[in-house]
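Below you'll find the structure, written out as structure tokens, and then a few comments.
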Amino acid sequence: MSIETMTWAKRQVCGCTSVKAVLMELANWARADGICEFRRVGDIAVAVETSDRTVQRALNYLEAPKDEGGLGLIRRLRRRRKDGGQQANCFELVGYIYGSDIMPPPGDKLSPRGCHGVGGGGDAHVTPYIEIDKEKKESPHSPPRARSANAAIPGDWKPPAIGDLPEAARTQAIQWPGGAYGAQAEAFHQYWLGKGARRASWDALWAARILTIHSTVMPASHRGAGILARQGALSAGQPCASQLSSVASQQAEDGRSARLRALLRPQVPEPIWARYFAPAAFLFDDDGLKVIAPTPATCAWIESNYARTIRTLVDQIVPGDPWVRFGVAAITPTRTDQVIGKDN
């Protein structure tokens, strides 16, 4: 124990009793040169009667530079045994100086008088072991360290276009219902704005998030359609390699069907059009439209993701509040047509 280090620790303002207790414990075990050896977190926790986690948080706060919200009062000096194993850290009291050559101001009853240290003096800042000093962590008394490339998410962050995503994320995001991509991206943005975390690439984190939430964004009853979509080449601007054969019902299409295709196609990404809409048939009668798809899964996907869009376009072609039905080329026993009524 050194009276100089204890006196120095008493004069520091920590703003927290547990932090001050940890600093006092380090000072209590420190040598006159300000180095505290052989003091483990568990030993400190027992001495100050608190938990290991509280001690670790206090040490981090004491060690962090002031410009990062810490106190910058200690520096951890990592040590290793001759066999390469980790030894208990040393702690250096940052800013502590020998008091032997400094006369305390009048009325100062805390500063020791006539205390002589071994070496150093005045405003000398001593680190006794060169091999330890080489592994020191930076502090306000060390040269500025290079800042991390990580950054908080910008306030004006926008998600990359679906076509610019990595292949796995693009394959899934392109299947999402209309508006889901923007809504999920906004939720992601607001969440990380509130967290204040820092990341190297927010676009990469967003791409990883797409893979995580895909199964919840897609309606659970239509996940089979997502499996079909993943079998195709869904990258923007590329034809779908496994496009389904067109249904025979396309031969019964008329001019209204052609007009619907012309209105619908600009609203659908080309890979989605090639897989789901190109093989389907759009059959009008006097009261509405029936969409015939080649498979139940394809029919379910069109109905889930584009029923309202189709209904809006049909209203422009057939007046009188027409209905819209969805079916498959070969009706299976487990599926019947569903009518989209006025409230759809």
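The values are calculated or read from the model by the stated rules, or taken from the named source; none is laboratory data. The model shown is predicted, which means the values in this text are computed figures rather than measured ones. Please note: Cβ atoms are built from the backbone with ideal geometry, for glycine as well, and neighbour counts cover all protein chains shown.
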Filter result for residue 260 (in a strand (DSSP E or B), touching a residue at least 12 places away in the same chain (Cβ under 8 Å) and not charged (D, E, K, R)):
no
I'm trying to understand the selection: among the residues of segment 275-297, which are among the β-branched types (Val, Ile, Thr) and under 14 Å from residue 250 (Cβ atoms)?
291, 292
Taking segment 65-78 and the residues there that are touching a residue at least 40 places away in the same chain (Cβ under 8 Å) and surrounded by fewer than 16 Cβ atoms within 10 Å (Cβ to Cβ), the one that is farthest from residue 5 (Cα to Cα) would be 67
Filter result (of a type in the set (Gly, Ala, Ser) and within 16 Å of residue 156 (Cα to Cα)) within segment 184-214:
185, 187, 194, 196, 197, 201
Applying the selection to segment 19-40, what residues are surrounded by fewer than 17 Cβ atoms within 10 Å (Cβ to Cβ), more than 17 Å from residue 95 (Cα to Cα) and of a type outside the set (Phe, Trp, Tyr)?
37, 40
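Residues checked against (1) among the charged types (D, E, K, R); (2) modelled with pLDDT under 85:
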| position | (1), (2) |
| --- | --- |
| 1 | no, yes |
| 12 | no, no |
| 33 | yes, yes |
| 45 | no, no |
| 65 | no, no |
| 75 | yes, no |
| 80 | yes, yes |
| 83 | yes, yes |
| 95 | no, yes |
Enumerate the helices (runs of 4 or more DSSP H) found wholly within segment 1-74, keeping only those where 1 or more residues are more than 37 Å from the chain's Cα centre (by Cα) and not charged (D, E, K, R).
3-10, 17-29, 41-48
